[in-house]
1. Determine Rg/Rh for the stretch 234-360; Rg is computed over alpha-carbon atoms and Rh is the Kirkwood hydrodynamic estimate from the same atoms.
2. What does the highest-first list of 10-22, 247-259 look like by mean Cβ count within 10 Å?
3. What do the square roots of 5 times the Cα gyration tensor eigenvalues come to for the chain, in whole Å, largest first, as semi-axes of the equivalent ellipsoid?
4. Which far-off residues, 5 or more places away or on another chain, put their amide H under 5 Å from the one on Val218, with H placed in the peptide plane?
5. For the chain, take the longest principal axis of its alpha carbons; what is the angle in degrees between that and the long axis of helix 295-308, to the nearest 10 within 0 to 90?
6. Expressed as a rounded percentage, what relative contact order does the chain have, with Cα pairs under 8 Å and six or more residues apart?
7. Taking θ = phi - 60°, what integer Hz values does the Karplus form 6.51 cos²θ - 1.76 cosθ + 1.60 yield along the stretch 172-177, in sequence order, with x for Gly and Pro?
8. Could you quote the convex hull projected area for the stretch 7-125, Cα atoms only and averaged over all directions, in nm²?
Amino acid sequence: MTGDASVRAAILGTGGVAHLHARTIAGLGDVTLVAVADSSEERARAFAGEHGSPDVLADLPSMLAGAAPDVVHLCTPPAGHAEQAALAFAAGADVIVEKPPANSLAELDTMLRAGEVAGRRLAVVFQQRSGSAVRHIRGLLQAGALGRPLVAQCDTLWRRGADYYAVPWRGTWAEEGGGPTVGLAVHQLDLLAHLLGQWSEADGRFWRLAHDIEMEDVSQGTVVFESGAIATMTTTTLAARESSRLRIDTELATIELEHLYGHTHADWRITPASGVDPAVVSGWALPDLEERSGHDALLGEAYRAIADGAPLPAVFADPARALEIVTAMHRAATAGRSVRRAELSDPALRGPLHAPVEVP
Ligand SMILES: NC(=O)c1ccc[n+]([C@@H]2O[C@H](COP(=O)([O-])OP(=O)(O)OC[C@H]3O[C@@H](n4cnc5c(N)ncnc54)[C@H](O)[C@@H]3O)[C@@H](O)[C@H]2O)c1
């Protein structure tokens, strides 16, 4: 951090998601958005006009040199994240990067190493992990209060039209880096893995039914967790009624979440198995004080750690896990067999995502 009391934040990439970052920064109180940059100067200027008139700079190097930010938010397409993070770290800034953090595990390895070398933090925005409901339910699962997790379903059933894929960086392996399984379902998958912990094996299949893109618009996968829990996952961008769903059946209860882009307590349900003592069940109730999931909750936690000079809190742990699982799904589709987590230590499997996409 620089000398003044307020943390200096800067945003690279002023498209859709950057507005959530700017609004969150404005609500944090002791953080000031000092600069923005975008490869479209016009978009950056309009954005700055909406969000307190930070300086508009031409690109990341001039933003780092001209604004000396303490924290750089990378709200750019994933293909640029690794190089941009390295520049920001080298300039002494912490980095908050949008999901997916990189287009490959190898790139994410490089980002994490660059942060370590520079002594700076890399916070990945998986905001579905945030909020009081997840904190509470994860605590119950980790304490064994709901018994062993057994079976899970993780579904991202969204709808995206041709307008969504008209954006130049979407729809190609080279630019977007993968289809909706890594681009959209990674939120639900990350939440599932945040709740269930380390995974051991995964497989996947990918199909294209309707969109004019290189990647899938439907995928299915199976993930085996170290606990022995088995999860199935369905992803599509062709759903008429959109829904994000998670269901975990444990020995003592069924945990269900249904929402779209962010959840509140009302979106969660815990149903006890018959015969579970009501006194035990009452201990599962969500806390009275609700913090809803979202960028506000997640970035708030990051900035509290940054202001205190503390390591990032546990909500940011394991930033690679969901990307590992999607990578294993891709490698499994190519190999025609499931892939174990240990196999991903092979550098040849940590490169860009790519999978055969079936067209029925
Ligand atoms: N967490 C979430 O809920 C969420 C939601 C949407 C998008 N995202 C993620 O945020 C990122 C951006 O997505 P988006 O929907 O905002 O995309 P977008 O296309 O709306 O915005 C990206 C912006 O980055 C700019 N840009 C591209 N390359 C640049 C560069 N090298 N230097 C400066 N500017 C550059 C583009 O001009 C554009 O304005 C992606 O990684 C996406 O997956 C996350």
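1. That ratio is 1.04, to two decimals.
2. Top to bottom by mean Cβ count within 10 Å: 10-22, 247-259.
3. Here the semi-axes work out to 33, 26, 19 Å.
4. It is Trp207, Leu209, by chain and number.
5. With rounding to tens, the tilt is 60 degrees.
6. 18 percent
7. 10, 4, 5, 9, 7, x
8. For the stretch 7-125, the mean projected area of the Cα convex hull comes to 6.2 nm².
Bear in mind that the values in this text are calculations on the coordinates, not laboratory data. What you are looking at is a predicted structure, and each value in this text was computed from that prediction instead of being measured. FYI the Cβ positions are ideal-geometry reconstructions off the backbone, even for glycines, and counts take in every protein chain you see.
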